[in-house]
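Data block below; observations after.
The values are calculated or read from the model by the stated rules, or taken from the named source; none is laboratory data. Since we're looking at a predicted model, the values are computed, not measured. Cβ placement follows ideal geometry from the backbone for every residue including glycine, while neighbour counts extend to all protein chains displayed. Note: areas computed on protein heavy atoms with side chains; ligands, DNA, RNA excluded. Shrake-Rupley method; radii C 1.70, N 1.55, O 1.52, S 1.80 Å.
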Amino acid sequence: MAGSTNHISIVTLNVNGLNSPIKRHRLVTWIKKTNPTICCLQETHLIGKDIHRLKVKGWEKIYHAHGPRKQAGVAILISNKIDFKTKLIKRDKEGHYILLKGTIHQQDITIINIYAPNNGAATFIKQILLKFKNQIDHNTIIMGDFNTPLSQLDRSSKQKLNKETIELNITINNLDLTDIYRIYQPSSMDNGFLYCQKKCSKYHGPLHIRHLRLWISLKTY
């Protein structure tokens with residue numbers, strides 16, 4: 001965050017459903033071991049009456065978007081160790097995204113957590129970015145399971161990127177968003193989540209995730 005000497009740690013994870021007590025226990029163990037400031041989850045598969053299942057001791061600020069069925073679902077958990085104050089929350093009624101705007105120790109931050117649907121993911125993400133373009137500034141972090149390759153390096157085949165993905169990349173560039181994974185792994189053929197999956201599997205079991213990314217905004221105005 002601009003002007004701050006403090007740092008925050010953020011993890012993002014597709015949990016592929018949290019209705020199983022065993023999976024919830026593994027998630028809690030993983031969060032406590034990783035000890036992030038902010039934890040973003042996709043595919044919680046929880047409905048309104050089940051939000052209490054997201055509770056993790058020490059991460060009791062919970063923001064969740066869900067639909068009417070046990071599908072999709074995104075959540076943001078924030079550590080009790082930081083002074084987070086909420087300014088704005090925007091939730092998708094189907095549980096595919098949540099926007100959270102607030103302050104951490106009086107520094108502005110905007111978090112957008114996205115779980116894109118399997119079909120039409122690139123167009124869906126583009127629509128979200130355009131919908132919230134006025135909320136995106138230099139303190140914005142966008143992350144999630146995007147379910148779509150953004151470049152040839154993300155693809156498992158040599159098939160060309162389609163028109164929708166090209167248009168999404170244009171939108172990303174126009175909003176001055178930067179893919180953190182590609183800064184540190186500019187030529188890797190793996191998608192952004194495989195590294196975490198290998199490292200975390202013993203705590204969380206098999207995960208169903210594709211093309212997970214974290215973007216930051218470089219806007220200075």
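Overview of values
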{"item": "Scan of region 93-107 for residues that are part of a loop (DSSP other than H, G, I, E, B), over 16 Å from Asn80 (Cα atoms) and not acidic (Asp, Glu), ordered by number", "result": "Lys93, Gly95, His96"}
{"item": "Thr171 being hydroxyl-bearing (Ser, Thr, Tyr), modelled with pLDDT of 90 or more and either crowded, with 19+ Cβ neighbours inside 10 Å or out of contact with any His (no Cβ under 7 Å at 6 or more places or on another chain) (or both)", "result": "yes"}
{"item": "Per-region count, region 46-57, residues touching a helix residue (DSSP H, G or I) at 6+ places or on another chain (Cβ under 9 Å), in a helix (DSSP H, G or I) and open to solvent by 60 Å² or more (accessible area, probe 1.4 Å)", "result": "1"}
{"item": "Qualifying residues in region 58-111 (those that are of a type in the set (Asp, Glu) and more than 21 Å from Lys126 (Cα to Cα)) - the one surrounded by the fewest Cβ atoms within 10 Å (Cβ to Cβ)", "result": "Asp83"}
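One line per residue, one yes/no per condition, for (1) assigned to a strand (DSSP E or B); (2) more than 14 Å from the chain's Cα centre (by Cα):
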| residue | (1), (2) |
| --- | --- |
| Ile8 | no, yes |
| Thr12 | yes, no |
| Asn16 | no, no |
| Lys23 | no, yes |
| Trp30 | no, yes |
| Thr44 | no, no |
| His64 | yes, no |
| Ala72 | no, no |
